[in-house]
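Remarks on the structure that follows.
The values are calculated or read from the model by the stated rules, or taken from the named source; none is laboratory data. Here the structure is a predicted model, which means the values were calculated and not measured. Cβ coordinates were reconstructed from backbone atoms using ideal geometry, including for glycine residues, and neighbour counts include every protein chain displayed. Heavy atoms of the whole protein, side chains included, go into the accessibility calculation; ligands, DNA and RNA do not. Shrake-Rupley method; radii C 1.70, N 1.55, O 1.52, S 1.80 Å.
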Amino acid sequence: MANALSSSFLLGSFSSIPPSLLPIPSPLPPLLTFHHPKRPIQSSLTSIDDLICRFLDPPLRPSIDPKFILAGNFAPVAELPPTACEVEGFLPACLDGAYIRNGPNPQFVPRGPYHAFDGDGMLHSVRISGGQAVFCSRFVNTYKYKVEKEIGAAVVLNSFSSFTGVAASLARSAVAISRMLSGQYDLRRGTGTVNTSLAHFGGKLFAIGESDLPYSIKVLPDGDIVTLGRHEAFGDELMTMTAHPKVDWESGEAFAFRHGVTRPFLSYFRINSAGIKQPEVPIFSKPQASMVHDLAVTQNYVVFPDTQIAISLTEILKGNPMVRADPAKIPRLGILPRYAVDETGMQWIVVPGFNMLHAFNAWEEDGDTIVMVASNMLPVENFLENVESLHTSIERIEINLTTKTVRRTPISDQCLELGNINQAYVGKKNRYLYAAIESPMPKVAGVVKLDLSRYNSGDCTVATRLFEPGCYGGEPCFVARDADNPAAAEEDDGYLVSYVHDERINVSKLIVMDAKSASLEIVAAVKLPQRVPYGFHGIFVSQNDLHKLLLSTN
């Protein structure tokens, strides 16, 4: 597949596609080394970009038309330095620390096609101390962000939106080749947006997006956010890492993977508690490239999805996106021993109709059964082109390793996603899951609390908090009452935090909900000095952990 394409075409066409998806040999030629480009080259190539948008792009589909995608509270915002906030109610002491949420926020208004997944990563943080709150919004200073800031325009191609037709695709590829040959950017330094999530493990705090390696960040005492740099200890040149590593709270280990368009299409690895990456396990038994967005981990296994979201380089030659739905493919789940040194113990089990997006938790029961709680995309083709019609169903999946059979049970009739648990229970049996009510996706109309022990009852919902009319939020993040020891009390003893935007008055707040309350009662709200666009995943980092991170990076 990839061998049929010339290396020059690949270098141009896939400059912003996750580098691990590229069949490009390393080391790259010296001529691609970055240097400061001359302004005339920048101006002429930018003019050609404009001509492509005006004359070669076909009419844009709603899914990649910035007039639709960046409307309302999806529109980008500027950076905001640490700014004091107005607090309504009482902020519990366990919230001393920082809540940080990641999401796409384009540095420049798109001149042409733009997909909701394309924006530069921006971190929106509320730093809390002694009942006071400070808000800050900062871009993740990725290599892509810095290159485009210097050039003064968005120039790195986006895998979800840049390929709109044969003529436009070839023209954009030629421009991308010219940019690299003129030294405007170097693929080896990463061209990802890092706009998806955050993770804390190995003594570091990371902003992550699966189109690049993680970027290490820190939160200063005044609430400001600083990007320390791309963490290349987790991969070689052109490599990426999942945006959803799973962290074992007891051992401190993180479990991760990367996927690509050449064999092996999937590679698994773990990172020990000291933050040192262990040898990779290439998965050669995966026969073709597909989107693997998340994994599940138990005490003895890891579980990977093999979805119907296919990745094919040859689609670009047809003027189509390289990421597409393949309805003819049958989804599978792959189960590998957690401490595998090779793929000898890998099992693949066919699961028709199950396209996992996020795995919220997994554990083992009865010796030979893995129980996983995850979201399923229905129908899968709506994930890329018609997301507002996508129904995400949260299911309980029982995988019998002896019979290689799967039993699936929906645990709610609602369209739910962006789930969160008490992180002390990752890889172990837990009872409670908190999830966002999509209305429609990607807007969030409220939050539910699910009691997973009630899975045979048909609906596990035990508490619901609907936001006021015209108000929409995001992923709920659980914070234990003892944030430094989340296993110290009952599993649900704590609070949920989430950003909520009031579209009627264009004001955003951070709300705090009592996770044990029958109505998920709002106990406090932080009125923010700037709106927060709808985004993806967040994390809470306690005051003690912020202090340790600050010491470790000075």
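Tabulated data for the structure shown
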| quantity | calculated |
| --- | --- |
| Residue ID - modelled with the lowest pLDDT, chosen from residues in the stretch 27-81 that are closer than 30 Å to Ser137 by Cβ and of a type in the set (Val, Ile, Thr) | Thr46 |
| Matching residues in the stretch 444-463 - criterion: being under 25 Å from the mean Cα position of the chain (by Cα) and surrounded by fewer than 20 Cβ atoms within 10 Å (Cβ to Cβ) | Ala445, Leu452 |
| Looking only at the stretch 135-154, and only at residues there that are of a type in the set (Gly, Ala, Ser) and within 17 Å of Asp118 (Cβ to Cβ), the one that is most open to solvent (accessible area, probe 1.4 Å) | Ala154 |
| Number of positions in the stretch 350-361 that are part of a strand (DSSP E or B) and either of a type in the set (Val, Ile, Thr) or open to solvent by 40 Å² or more (accessible area, probe 1.4 Å) (or both) | 1 |
| Test result for Pro106, farther than 20 Å from Lys509 by Cα and over 19 Å from the mean Cα position of the chain (by Cα) | no |
| Considering residues of the stretch 258-275 that are in contact (Cβ under 8 Å) with a residue 24 or more places away in the chain and outside any strand (DSSP E or B) only, the residue farthest from Glu343 (Cα to Cα) | Ala274 |
| Selection count where residues are of a type in the set (Asp, Glu) and either open to solvent by less than 10 Å² (accessible area, probe 1.4 Å) or closer than 19 Å to Phe354 by Cβ (or both), scope the stretch 293-325 | 2 |
| Those strands (runs of 3 or more DSSP E) lying entirely in the stretch 192-248 with at least 2 residues surrounded by 22 or more Cβ atoms within 10 Å (Cβ to Cβ) | 197-201, 204-208, 215-219 |
| Every pair of residues 6+ apart whose Cβ atoms lie under 8 Å, when the first sits in the stretch 155-172 and is open to solvent by less than 10 Å² (accessible area, probe 1.4 Å) while the second is assigned to a loop (DSSP other than H, G, I, E, B) and of a type in the set (D, E, K, R) | Ser161/Asp118; Ala168/Asp57 |
| Qualifying residue in the stretch 370-389 (condition: part of a loop (DSSP other than H, G, I, E, B) and more than 22 Å from the chain's Cα centre (by Cα)) | no |
| Cross-chain or 6+ apart pairs with Cβ under 8 Å, the stretch 296-322 first and free of Cβ contacts under 8 Å to residues at least 24 places away in the same chain, then part of a strand (DSSP E or B) and of a type in the set (Phe, Trp, Tyr) | none |
| Subset of the stretch 380-431 [open to solvent by 30 Å² or more (accessible area, probe 1.4 Å), touching a residue at least 24 places away in the same chain (Cβ under 8 Å) and either out of contact with any Ser or Thr (no Cβ under 9 Å at 6 or more places or on another chain) or of a type in the set (Phe, Trp, Tyr) (or both)] | Glu381, Glu388, Ser389, His391, Lys404, Thr405, Val406, Arg408, Gln423, Tyr425, Lys429 |
| Residue within the stretch 326-349 that is at positive phi, part of a loop (DSSP other than H, G, I, E, B) and surrounded by fewer than 16 Cβ atoms within 10 Å (Cβ to Cβ) present | no |
| Condition met for Glu364 (acidic (Asp, Glu), free of Cβ contacts under 8 Å to residues at least 40 places away in the same chain and either assigned to a helix (DSSP H, G or I) or crowded, with 16+ Cβ neighbours inside 10 Å (or both)) | no |
| Residues located in the stretch 176-191, provided they are open to solvent by 10 Å² or more (accessible area, probe 1.4 Å) and either of a type in the set (Phe, Trp, Tyr) or under 17 Å from Leu56 (Cβ atoms) (or both) | Ile177, Ser178 |
| Residue in the stretch 268-292 that is farthest from Ala199 (Cα to Cα), counting only those that are crowded, with 21+ Cβ neighbours inside 10 Å and of a type outside the set (A, V, I, L, M) | Lys286 |
